[in-house]
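Quick note: the coordinates plus some simple rules give every number you see, no bench work behind them. Just so it is clear, the structure is predicted and the values come from calculations on it, not from any experiment. Using ideal geometry, Cβ is built from the backbone for each residue, glycine included, and neighbour counts are taken over all protein chains shown.
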Ligand SMILES: Nc1ncnc2c1ncn2[C@@H]1O[C@H](COP(=O)(O)OP(=O)(O)OP(=O)(O)O)[C@@H](O)[C@H]1O
């Protein structure tokens with residue numbers, strides 16, 4: 001997708017999202033997420049290629065696409081002059097919700113986004129979070145089979161975010177396909193069945209959150225040693241290096257032990273302990289940390305020295321080994 005000024009915002013994106021999936025679209029600012037979502041919802045036309053939503057081609061049949069989706073843009077679409085109830089009535093009319101279903105639908109949505117108490121107050125007096133919640137409700141009035149949500153929880157406080165997450169999960173459980181962009185990795189991790197990571201207009205990775213974490217991130221096992229003298233730490237490090245079962249990427253001395261970063265730290269832990277026991281190194285505590293989506297993101301952003309230890313503040317970065 002190339003803008004009129006020549007900016008090539010999205011290049012060669014190929015995506016297949018299945019019925020009922022909760023799909024997350026992640027990427028740094030300017031990666032092209034909004035451009036992609038606007039192309040999917042018919043607001044932009046792809047310079048090359050085609051898009052089919054619910055079986056309809058976005059170029060040949062944009063109206064049919066629009067009627068079968070819900071789209072929540074980053075900018076709010078609510079009318080601030082109107083109350084939540086009035087905004088929802090307008091949305092019902094716009095999306096052609098059958099008249100006899102409208103009032104029930106509106107009441108359900110008011111409860112969902114917790115705006116019943118202010119249902120008849122003008123939205124201009126609302127906080128940003130309340131406006132966002134109302135916006136969420138308006139795009140769902142026609143119970144579309146697919147919803148596109150462009151950073152839907154930005155500006156919401158944690159409690160409101162949880163409430164909205166629950167609703168997204170609920171509509172997804174009922175069979176609605178959800179396509180979500182978010183800046184919150186925790187949100188993607190919590191909600192999405194599958195993710196695509198977009199960088200510089202191209203998809204670099206797709207997979208489940210767990211697949212991405214294990215493909216890109218590493219695990220870290222942090223050992224607390226009874227004897228954390230430098231000599232003993234070096235003995236443990238030598239033992240770890242010799243251990244074929246552990247695919248260590250980095251080994252560091254910490255304030256009270258040793259931290260080992262490895263692709264397979266968790267599964268190699270018992271072999272590690274057997275070997276350390278044989279070397280008379282007494283472990284008083286240990287912790288295994290799995291990679292997070294933050295690690296994945298930082299790794300992709302070129303920060304390859306993340307998650308090296310669980311004891312960041314006390315780490316002595318004296319001994320680091322990278323293959
Ligand atoms: N109307 C436009 N005309 C020209 N270039 C644009 C236009 N809109 C966006 N771009 C450019 O296209 C690229 C992708 O922008 P886009 O808004 O799709 O990214 P994004 O991943 O959604 O970022 P953000 O998270 O900041 O919203 C950026 O380089 C942006 O500057």
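Rg/Rh for the range 215-314 to two decimals, with Rh computed the Kirkwood way over all alpha-carbon pairs.
A ratio of 0.97.
Listing 25, 126, 168 from the residue with the fewest other Cβ atoms within 10 Å to the one with the most, what is the order?
So the ranking, lowest neighbour count to highest, is 126, 168, 25.
What is the angle, in °, between the Cα long axis of helix 128-138 and the longest principal axis of the Cα atoms in the chain? Nearest 10 is fine, range 0 to 90.
It works out to around 60 degrees.
Pull up the DSSP beta bridges for the chain and report the antiparallel fraction as a percent, rounded to 5.
Given both bridge residues lie in the chain, the antiparallel proportion sits at roughly 60 percent.
Take residue 211 and residue 116, extend 7 Å from each Cα along the Cα→Cβ direction, and tell me the distance between the two endpoints in nm.
4.2 nm
Order these by the 10 Å Cβ neighbour count, fewest first: 127, 229.
Result, fewest neighbours first: 229, 127.
Rounded to two decimal places and with Rh computed the Kirkwood way over Cα pairs, what is Rg over Rh for the chain?
1.11
Give me the log10 of I(q) over I(0) for the range 118-166 at q = 0.15, 0.17, 0.19 Å⁻¹, as the Debye formula computes it from C-alpha points; what are the numbers?
Once normalised to I(0) and log-transformed, intensities are -0.42, -0.54, -0.67.
Would you mind telling me the antiparallel percentage of the DSSP bridges in the range 22-213, rounded to 5?
If we restrict to bridges inside the range 22-213, about 30 percent are antiparallel.
Work out how much length residue 74 to residue 154 would gain on full extension: take 0.36 nm times their residue separation and subtract the Cα-Cα distance, in nm to one decimal.
Here the answer is 28.0 nm.
Quick one: what Rg and Dmax do you get for the range 22-213 from the alpha carbons, in Å?
When restricted to Cα atoms, the range 22-213 yields Rg and Dmax of 16.5, 48 Å.
Going by how many other beta carbons lie within 10 Å of each one, how would you line up 204, 138, 39, fewest first?
So the ranking, lowest neighbour count to highest, is 204, 39, 138.
Could you estimate the translational diffusion coefficient of the range 63-171 from the Stokes-Einstein equation, with Rh from the Kirkwood formula over C-alpha pairs, at 25 °C and 0.890 mPa s, in whole µm²/s?
For the chosen part, D equals 178 µm²/s.
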